[in-house]
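The values are calculated or read from the model by the stated rules, or taken from the named source; none is laboratory data. Note that the structure is a prediction, hence the values are computed from the model and not measured. No Cβ is skipped: glycine too gets one built from the backbone with ideal geometry, and neighbour counts run over all protein chains shown. SASA here: full protein model, heavy atoms, side chains in, ligands and nucleic acids out. Shrake-Rupley method; radii C 1.70, N 1.55, O 1.52, S 1.80 Å.
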Amino acid sequence: MEFQFQFDWQAAIDSIPFLIKGIPYTLLISFGGLLIGFALGIFFGLLSINKKWFLRWPATAYIEIFRGTPILVQVLFIFYGLPDLIGGPIDPLTAGIAAIALNSGAYISEVVRGGVQSIDKGQTEAGLSLGLSRTQTFWSVVWPQAFRRMIPPLGNQAIVSIKDTSLFSVIGVGELVRQGQIYIANTFTAFEVYFVVAILYLAITLSLSIILRFVERRGLASV
Amino acid sequence: MTQIVKMKGMNKYFGKLHVLKDIDLTVEQGEVVVIIGASGSGKSTLIRCVNGLEEYESGTLEVDGQQLAPKSGNPKALAEIRKEVGMVFQQFNLFPHLTVKRNIMLAPQKVKDAPETVANATAERLLNRVGIGNQADKYPSQLSGGQQQRVAIARALAMEPRLMLFDEPTSALDPEMIGEVLDVMRELAKEGMTMMVVTHEMGFAREVADRVIYIHEGQIVEQGKPDDVFDNPQNERTQAFLSRVLAH
């Protein structure tokens with residue numbers, strides 16, 4: 001018997017309406033998580049360059065732990081492990097957002113640290129010599145310049161985090177991959193469905209890339 | 001006469017390196033003091049101590065009536081001093097993300113709570129004074145080095161300082177732009193601004209300084225009126241230094 005595979009376009013097209021239902025979850029988890037991750041990143045990133053060791057040390061510990069363990073283990077730990085500790089279940093959506101937040105927060109901390117440290121110390125000296133306080137100098141002189149340099153690596157992290165949400169199918173969040181798995185269970189059209197899933201991810205990440213290029217160009221134009 | 005800067009027995013170390021040794025120095029109101037010396041002699045460090053960009057280890061330092069304790073032990077005095085003392089840097093250190101005008105408006109708005117309109121008017125007046133009123137809305141990177149340094153001077157003047165520190169203000173400039181910056185400084189001196197200037201521009205020192213100080217390895221070895229120091233140096237180290245820099 002001869003083996004013959006034919007890409008079934010009709011099956012691919014038919015799967016789209018069902019798969020698209022996963023996109024809001026994918027976006028909610030990635031951007032919800034990234035938003036919190038950005039706040040964590042600023043907080044721990046700035047702590048990690050503080051002169052006081054007792055502020056620096058916990059920040060470094062946080063960064064190393066969440067950067068040094070797989071995000072899959074992190075989300076499994078949050079979803080299956082933490083309920084034992086807090087004595088109640090955590091819904092998959094919350095677990096997913098928390099995992100993206102904590103994980104991207106660790107990477108963004110490093111982005112923040114690098115961005116701030118890349119600004120010449122003459123900028124701080126100029127601010128201080130004009131009578132600005134350390135806080136004023138940081139937020140009105142150093143941070144705006146550092147943030148501009150942080151845009152490309154932040155965009156990179158956003159794309160990584162969007163793709164990371166695909167792992168959360170394991171805890172049953174109805175995101176893109178999970179929707180695909182459910183659909184395939186009924187139709188057995190794995191090739192076509194995963195192909196469409198991949199295209200949908202690409203559509204999201206490419207749109208983000210284009211927006212970021214635009215933001216980057218506008219941001220750098222004035223420097 | 002009011003003494004704006006009073007240093008007594010001031011010592012400063014970078015680790016084990018003893019960079020300032022028992023410095024005694026006073027600067028009177030309205031006086032222009034030019035500090036000369038070889039690179040690494042401690043002259044920049046000396047003026048950076050005046051506004052607390054460098055901490056010192058022992059001795060006393062009083063600026064505009066405020067005692068600045070060793071190891072920046074008095075943050076309140078330091079904050080007051082920085083409002084009263086302007087500084088111009090070798091590398092300009094303009095804020096690249098702000099327009100020229102915003103560079104000048106920032107400190108009055110943040111430190112003195114100056115209203116937008118007042119800060120704006122001050123910036124325009126100062127830019128005209130340093131001869132670049134037509135560049136207000138450009139970004140620093142769009143200006144020549146000489147123009148950038150004049151903006152930096154205007155930025156410092158916006159805080160209406162009682163004392164201006166100049167840390168090698170022309171050393172990073174192309175030769176043809178040095179004159180325009182020195183002209184602004186000369187005007188400032190004429191108007192009675194108290195100035196401490198670290199420079200290698202001996203012509204400027206001779207012409208504008210009320211007093212020239214020669215520093216060698218962290219010590220003041222000679223000081224006096226410019227004509228005396230340049231034409232008749234008493235210390236052999238000063239003689240050696242001047243013969244090197246004035247030879248060409």
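Are any of the residues in the range A:52-69 at pLDDT below 95, more than 24 Å from A:Tyr25 (Cβ to Cβ), of a type in the set (D, E, K, R) and in a helix (DSSP H, G or I)? Checking the range A:52-69: not a single residue is at pLDDT below 95, more than 24 Å from A:Tyr25 (Cβ to Cβ), of a type in the set (D, E, K, R) and in a helix (DSSP H, G or I).
Selection over the range A:45-89 of residues that are open to solvent by less than 30 Å² (accessible area, probe 1.4 Å), in contact with a helix residue (DSSP H, G or I) (Cβ under 8 Å, 6 or more places away or on another chain) and without any contact (Cβ under 8 Å) to a residue 60 or more places away in the chain gives a count of 5.
Give me the residue from the range A:107-140 that is crowded, with 23+ Cβ neighbours inside 10 Å and more than 10 Å from chain B (Cβ to nearest Cβ) and, out of that set, farthest from the chain's Cα centre (by Cα). Selected residue: A:Val112. In the range A:141-163, the qualifying residues are those that are among the aliphatic types (A, V, I, L, M) and over 21 Å from B:Glu54 (Cα atoms), and the one that is nearest to the chain's Cα centre (by Cα) is A:Ala158. In this structure, B:Met195 does not satisfy being open to solvent by 30 Å² or more (accessible area, probe 1.4 Å), aliphatic (A, V, I, L, M), away from every other protein chain (no Cβ under 14 Å) and within 26 Å of B:Ala38 (Cβ to Cβ). When we screen A:Phe188, A:Phe168, A:Phe214 for residues that are of a type outside the set (Asp, Glu) and surrounded by 15 or more Cβ atoms within 10 Å (Cβ to Cβ), the only hit is A:Phe168. With respect to the conditions (1) touching a Lys or Arg at 6+ places or on another chain (Cβ under 8 Å); (2) closer than 20 Å to A:Gly131 by Cβ; (3) open to solvent by 20 Å² or more (accessible area, probe 1.4 Å); (4) assigned to a loop (DSSP other than H, G, I, E, B), B:Asp137 lacks only one, and its number is (2). Of the listed requirements (1) more than 13 Å from chain B (Cβ to nearest Cβ); (2) surrounded by fewer than 22 Cβ atoms within 10 Å (Cβ to Cβ), A:Ser161 misses just one: (2). Contact annotation: residue pairs with Cβ atoms under 6 Å, 6 or more positions apart or on different chains, pairing a residue in the range A:171-197 that is more than 24 Å from A:Phe79 (Cα to Cα) with a partner that is assigned to a loop (DSSP other than H, G, I, E, B), are A:Glu192/A:Asp8.
Here is the figure for the range A:141-154: residues that are in contact (Cβ under 8 Å) with a residue 60 or more places away in the chain and either closer than 21 Å to B:Lys76 by Cα or away from chain B (no Cβ under 14 Å) (or both) total 2. Across the range A:20-31, a minimum of one residue is classified as open to solvent by 90 Å² or more (accessible area, probe 1.4 Å), in contact (Cβ under 8 Å) with a residue 40 or more places away in the chain and more than 15 Å from the chain's Cα centre (by Cα). Scanning the range B:1-31 for residues that are under 15 Å from the mean Cα position of the chain (by Cα) and open to solvent by 70 Å² or more (accessible area, probe 1.4 Å) yields a single hit, B:Gln29.
Counting only residues that are away from chain A (no Cβ under 14 Å) and either open to solvent by less than 10 Å² (accessible area, probe 1.4 Å) or part of a loop (DSSP other than H, G, I, E, B) (or both), which one in the range B:140-155 is nearest to B:Val88 (Cα to Cα)? Here the answer is B:Gly146. Filtering the range B:156-185 to residues that are within 14 Å of another protein chain (Cβ to nearest Cβ) and either among the hydrophobic types (A, V, I, L, M, F, W, C) or not in a loop (DSSP other than H, G, I, E, B) (or both) leaves B:Ala156, B:Leu157, B:Ala158, B:Met159, B:Leu163, B:Met164, B:Leu165, B:Phe166, B:Asp167, B:Ala172.
When the range A:1-40 is limited to residues that are of a type in the set (D, E, K, R) and not in a helix (DSSP H, G or I), the one that is farthest from A:Ala98 (Cα to Cα) turns out to be A:Glu2. Considering B:Ala121, B:Ala107, the condition of being assigned to a helix (DSSP H, G or I) and in contact with a helix residue (DSSP H, G or I) (Cβ under 9 Å, 6 or more places away or on another chain) is satisfied by B:Ala107 alone. The conditions of being within 24 Å of B:Ile47 (Cα to Cα) and away from chain A (no Cβ under 13 Å) are met by B:Leu188.
Highlighted here are the strands (runs of 3 or more DSSP E) found entirely within the range B:32-88 that include at least 3 residues which are surrounded by 17 or more Cβ atoms within 10 Å (Cβ to Cβ) and away from chain A (no Cβ under 14 Å): B:32-36, B:58-63.
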